[in-house]
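Student: Got a structure here, written out as structure tokens. Questions coming.
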Protein chains: 2
Amino acid sequence: MSNHGEPRKRPETDLRLSRASVGRLSLYLRRLEELHAEGVGKVSSGLVGEALGVTDTQVRKDLASLGRLGHPGIGYDVSDLIAAIRSTLGIDREWSAALVGVGNLGRALLRYQGLAARNFRIVALFDTDPAKVGQVAEGLVVHPTSQLGEVLPPVGANLGILTVPASAAQNVADELIAAGVKGLLNFAPSVVRAPAGVSVVNVDLTMQLEQLAFLVHMAASERLD
Amino acid sequence: MSNHGEPRKRPETDLRLSRASVGRLSLYLRRLEELHAEGVGKVSSGLVGEALGVTDTQVRKDLASLGRLGHPGIGYDVSDLIAAIRSTLGIDREWSAALVGVGNLGRALLRYQGLAARNFRIVALFDTDPAKVGQVAEGLVVHPTSQLGEVLPPVGANLGILTVPASAAQNVADELIAAGVKGLLNFAPSVVRAPAGVSVVNVDLTMQLEQLAFLVHMAASERLD
DNA sequence: GGATGTGAACGACTTCACAGCG
DNA sequence: CGCTGTGAAGTCGTTCACATCC
């Protein structure tokens, strides 16, 4: 689903957090924010994991990587946990992104409130279609992708969002990287690769549809017991 | 990212394919279709995995679960592999889906060509917004979500796609399940749970953004060596 | 020689069991 | 007593090494 580009040589032993646990930390964070909004001040590991289908032990193991935040017999302080997870994930600051490919999906992302709620801002738009260039969407002018190298650096986005056809994805990714972007969110149905120092998350809707088809397919054949 | 709903009791020992390998099979399939289009007839495990960042050994292990399709010294027949993967994933037939939530993302999915290309058809639309009910999008009328129970069963969709707010996701999921749907693709930022026999894939864009933020955040601090 | 298939070693992640603290 | 933190055990997935076959 996501990778770091090149296969890494070093086993990365210093990295405390496993890939899987980072995903769960996101889930915990959301759950904790819900609980916080409900006025809950202290939580147990069981309460956090319950609605998420995660065991209490697993929650404690994950939270242990943030430091010693729990109080035996009491639980965890919700606000402390929220702050610690935000800081660990690196979302206690603002991220700015360039979006390339102002099609249906690109526009949907532009209008998606969830991005702003998490301090992700889209600060530049690009498209190759001459009919789209010059248009304004959500207060941003669409620039031609060919001018990415000149337009983007002064804006200084640290992320790139790819909502382009698969055939264009790697080329656009390379241009974004050349323009200084440090992370890529790729929605094209292709595996985008990047050099060390640039992170990539491939979303790949097609793959997830096929995962679902497989699960349903399997469940159906299991029913024939 | 995706789960089967309730935590399962039985370790499901009969299931040959691991979750991770199913995802890779999707990637192989896409790569093989590219190669097929280029007129390639035989491939080696190395060639399939190369552009995907997967080792040859891993490819062979994954393909082994499809049966004995390889020929030592020669490789695999591209067409055979494509057919075998399609059949294993359960995408050698048509899947029909109801889409609930005709907002920006819902509309983007409706127009997404990749669905049709993979034999996934959206056959019914629902929304709670009275302003949207009755509208026609891509040839389909938007029905009120409240009438899901009456409208959907005669149409007979086997999947449900949720592009609704997180607060509504579980309720809508329950209604879809009651209407006979066997699989759910959930785009809402929440974990949707389903009883045994119904499969769920949670896409969760927020989580993937946070994954990316974390990776970039980590890469930045590693640079201080 | 060139490539597959696969047991065995290895490593990563999860669950268990329980010590320890409030 | 309730709940955390964590070594140990167990499970799952990946990589290695090599026997095997065209």
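Student: Can you compute 3J(HN,Hα) from phi for each residue in region A:68-74, using the Karplus curve 6.51 cos²θ - 1.76 cosθ + 1.60 with θ = phi - 60°, rounded to whole Hz and x for Gly and Pro?
Tutor: Karplus-based 3J(HN,Hα) across region A:68-74 equals 8, 9, x, 10, x, x, 10 Hz.
Student: Next question, about the same structure. For A:GLY41, place a label point 7 Å out from Cα along the Cα→Cβ vector, do the same in each other copy, and report the separations in nm, one decimal, smallest first.
Tutor: Values, ascending and in nm: 7.6.
Student: Just tell me how shielded A:174-183 is by partners: mean number of partner chain Cβ atoms within 10 Å of each residue's Cβ, no decimals.
Tutor: Shielding by partners across A:174-183 averages 2.
Student: Pull up all non-local amide H partners of A:LEU184: gap of 5 or more, or a different chain, and H-to-H distance under 5 Å with H placed in the peptide plane.
Tutor: Those lying under 5 Å, H to H, from A:LEU184 are A:GLY160, A:SER199, A:VAL200, A:VAL201.
Student: On to the next question. Rank B:ALA117, B:LEU176, B:VAL164 by how far each Cα sits towards the positive end of the charge dipole of region B:95-207 (+1 on Lys, Arg Cβ; -1 on Asp, Glu Cβ) and give me just the farthest.
Tutor: After comparing all options, I get B:ALA117.
Student: Give the long-range amide H neighbours of A:ASP127: residues separated by 5 or more places, or on another chain, with amide H under 5 Å away, using H modelled in the peptide plane at 1.01 Å from N.
Tutor: Amide H neighbours of A:ASP127, under 5 Å, 5+ apart: A:GLY101, A:HIS143, A:THR145.
Student: Determine Rg/Rh for chain A; Rg is computed over alpha-carbon atoms and Rh is the Kirkwood hydrodynamic estimate from the same atoms.
Tutor: 1.03
Student: Residue by residue, what Karplus-based ³J(HN,Hα) values in Hz, rounded to whole numbers, does region A:128-144 have, using 6.51, -1.76 and 1.60 with θ = phi - 60° and x for Gly and Pro?
Tutor: So the J values, rounded to whole Hz, are 8, 5, x, 5, 8, 4, x, 5, 10, 10, 6, x, 10, 7, 7, 9, x.
Student: What's the long-distance tail for region B:12-89, i.e. % of Cα pairs beyond 17 Å?
Tutor: Counting every Cα pair in region B:12-89, those more than 17 Å apart make up 38 percent.
Student: Please report, to one decimal in angstroms, the Kirkwood hydrodynamic radius of the protein assembly as shown built from all distinct Cα-Cα pairs.
Tutor: About 23.3 Å, per the Kirkwood formula over Cα pairs.
Student: Once label points are set 7 Å from the Cα along Cα→Cβ at both A:HIS71 and B:VAL123, what is their separation, rounded to one decimal in nm?
Tutor: Calculated label separation equals 5.6 nm.
Student: Could you compute the longest span of chain A free of GluC sites (Glu not before Pro) located in DSSP loops and having at most 12 other Cβ atoms within 10 Å, not counting the site residues?
Tutor: Excluding the exposed sites themselves, the longest stretch runs over A:139-225.
Student: Further question on the same structure: Given H placed on each backbone N at 1.01 Å, which residues far from A:LYS42 in sequence or on other chains put an amide H within less than 5 Å of it?
Tutor: Correct list: A:VAL78.
Student: Something else: Just to be sure I understand the rule: take each whole DSSP H helix in chain B, project its Cα atoms onto its long axis, keep it if the span is 15 Å or more and its mean Kyte-Doolittle hydropathy is at least -1.0. Which ones pass?
Tutor: Both cut-offs are met by B:19-37, B:78-89, B:166-178, B:205-222.
Student: Shifting gears a bit: Kirkwood hydrodynamic radius of region B:132-225 from all distinct Cα pairs, in Å?
Tutor: One over the average 1/r among Cα pairs gives 15.4 Å for region B:132-225.
Student: Considering only DSSP beta bridges where both residues belong to region B:113-225, give the percentage that are antiparallel (nearest 5).
Tutor: In region B:113-225, DSSP labels about 15 percent of beta bridges as antiparallel.
Student: Would you mind computing, in nm to one decimal, how far apart the modelled labels at A:LYS61 and B:SER44 are, each placed 7 Å from Cα along Cα→Cβ?
Tutor: 3.9 nm
Read the figures in this text as sums done on the coordinates, not as results from a lab. Just so it is clear, the model here is predicted, and its values are computed rather than measured. Virtual Cβ from ideal backbone geometry, glycine too; neighbours counted across all protein chains shown.
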